[in-house]
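Beneath this line is the structure, given in structure tokens, with notes to follow.
The values are calculated or read from the model by the stated rules, or taken from the named source; none is laboratory data. All of these numbers come straight from a predicted model, not from anything done at the bench. Cβ: placed from backbone, ideal geometry, glycine included. Neighbour counts: every protein chain shown. Surface areas here come from the heavy atoms of the whole protein model, side chains and all, with no ligands, DNA or RNA. Shrake-Rupley method; radii C 1.70, N 1.55, O 1.52, S 1.80 Å.
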Amino acid sequence: MLARWLFLLALPAFAQDAKTVIAKTVINDEAGKKLLLGEHKLSLQWLDKAPGKVMVTDRNGTLMITGEAKEQNGVGYVRIDGVITEVAAKTFKFRGRIRTLVSHIADGKVCDRNGEYTFLIKGPRAFWRMQAMDNPCDQAADYVDIYWK
């Protein structure tokens, strides 16, 4: 009886730890990490010219990213939420969810992307661009950009 009671007491703590185990972000470049941390502008080229915001935070060695950009009329948007798995000088890898809603793409329905994506700075650009540009819900190219300036 005592053993069963001790097991039941330990169960919630074990279950909670199992849910929150996330691998630490691999940092290959400290300057790249420093550039990535904090608040940045977020955009999707189909939305009107009001960029949104994305926040990158460090939670015990794991970089988390979350943010949103909306059209001024409030209909279209891009949302990003997940974990940054690896950081280099001009690139980072993201695992999580990216949702877009654009009135003239995918019949105006939400397009969900769940998986791993690479964001890259090319040349003199002041932003990281998601490299998986092909929209999986329509024949369109989406430029999801996160600005570092």
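Counting only protein heavy atoms, what percent of the accessible surface of the stretch 41-149 is carbon or sulfur at a 1.4 Å probe?
Numbers: 2800 of 5700 Å².
Ligands and nucleic acids excluded, carbon and sulfur reach 49 percent.
What are the lysines whose alpha-carbon lies under 24 Å from the alpha-carbon of residue 93, with same-chain residues fewer than 8 places away excluded?
Within reach: 19, 24, 33, 34, 41, 53, 70, 122, 149.
Residue 131 to residue 45: extension gain in nm, 0.36 nm per residue of separation minus the Cα-Cα distance?
Additional length available on full extension: 29.5 nm.
What is the distance, in nm, between label points placed 7 Å from the Cα along the Cα-to-Cβ direction at residue 104 and at residue 72?
1.7
How much accessible area per residue does the stretch 101-149 have, counting only protein heavy atoms and a probe of 1.4 Å, in square angstrom?
Numbers: 2750 Å² over 49 residues.
Result: 56 Å² of accessible area for each residue.
Return an integer: the convex hull volume of the alpha-carbon atoms of the stretch 16-149, in Å³ per residue.
Per residue, the Cα convex hull of the stretch 16-149 comes to 112 Å³.
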